[in-house]
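Working notes, structure below.
The values are calculated or read from the model by the stated rules, or taken from the named source; none is laboratory data. Because the structure is predicted, anything quoted here is derived from the model rather than measured. Glycine gets a Cβ as well: all are built from the backbone with ideal geometry, and neighbour counts include every protein chain shown. Ligands, DNA and RNA are excluded from the accessible area calculation, which covers all protein heavy atoms including side chains. Shrake-Rupley method; radii C 1.70, N 1.55, O 1.52, S 1.80 Å.
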Amino acid sequence: MHFEPFAISSAIYTKLVFRGYFARYWWLYALPLSILIILTFYNINFLYTILILCFIVYPMALIMVYFWYLLTGEIRWSILEKEMAISDSGIMLTFEGFTKELQWDEFSGFSTTGKYLFLKLKVRRFTYFVIPFDVFADKEQLRKFVKMLNSHNIIIN
């Protein structure tokens, strides 16, 4: 299968990564706030700690998440314009100036959102190769692609 050139914006990729991050680690942010809110009923000075968490600690933690998950080399495979060809050995990406072949064993699974199918890379958590559904000519081509993913033990998670 061969596909027309496509790309996604870095904002969409960032949204997907942070959605996955917060779905997994929401409790790291909610638990301390919940405890401090309860303690504020006993001593109003805990309100200052809540403000410090919300305006200093949490933004710094999110900046660290950004640097760890969004400033990697693998993100360029999704956000740069590319042509994609799929074969039995993997996915061949052709960019302007270089090519990259992603073997099937580099993927750990896939998920979907409203407009995107994203293949999870084994490199690190929350690293995806994102494919817009618009790239597929019709639903039959999408079904063939998903069937090929399943044949290589890449299942939906």
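Quick rundown of the values:
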| read-out | value |
| --- | --- |
| Apportionment of accessible area to carbon and sulfur, the chain, percent (1.4 Å) | 63 percent |
| Label-point gap, in nm, between residue 38 and residue 64 - each point 7 angstrom along Cα→Cβ | 2.5 nm |
| Rounded to 5, the percent of DSSP beta bridges in the chain classed as antiparallel | 95 percent |
| Per-residue HN-Hα couplings for segment 141-149 [Karplus 6.51, -1.76, 1.60; θ = phi - 60°; Hz; x = Gly/Pro] | 5, 5, 4, 4, 5, 5, 5, 5, 4 |
| In segment 55-157, the GluC sites (Glu not before Pro) that fall in loop regions by DSSP, at most 11 other Cβ within 10 Å | 81, 96 |
| Amide hydrogen neighbours beyond the local backbone of residue 109, cut-off 5 Å, H modeled | 120 |
| Electrostatic dipole magnitude of the chain [Cβ: Lys, Arg +1; Asp, Glu -1; Cα centre; debye, to 20] | 520 debye |
| Longest DSSP-loop-exposure-free segment, chymotrypsin sites (Phe, Trp or Tyr not before Pro), the chain, at most 10 other Cβ within 10 Å | 99-157 |
| Options [x] 21.0, 76; [y] 24.7, 103; [z] 19.9, 64 - which one matches Rg and Dmax of the Cα atoms in Å as calculated here | [z] |
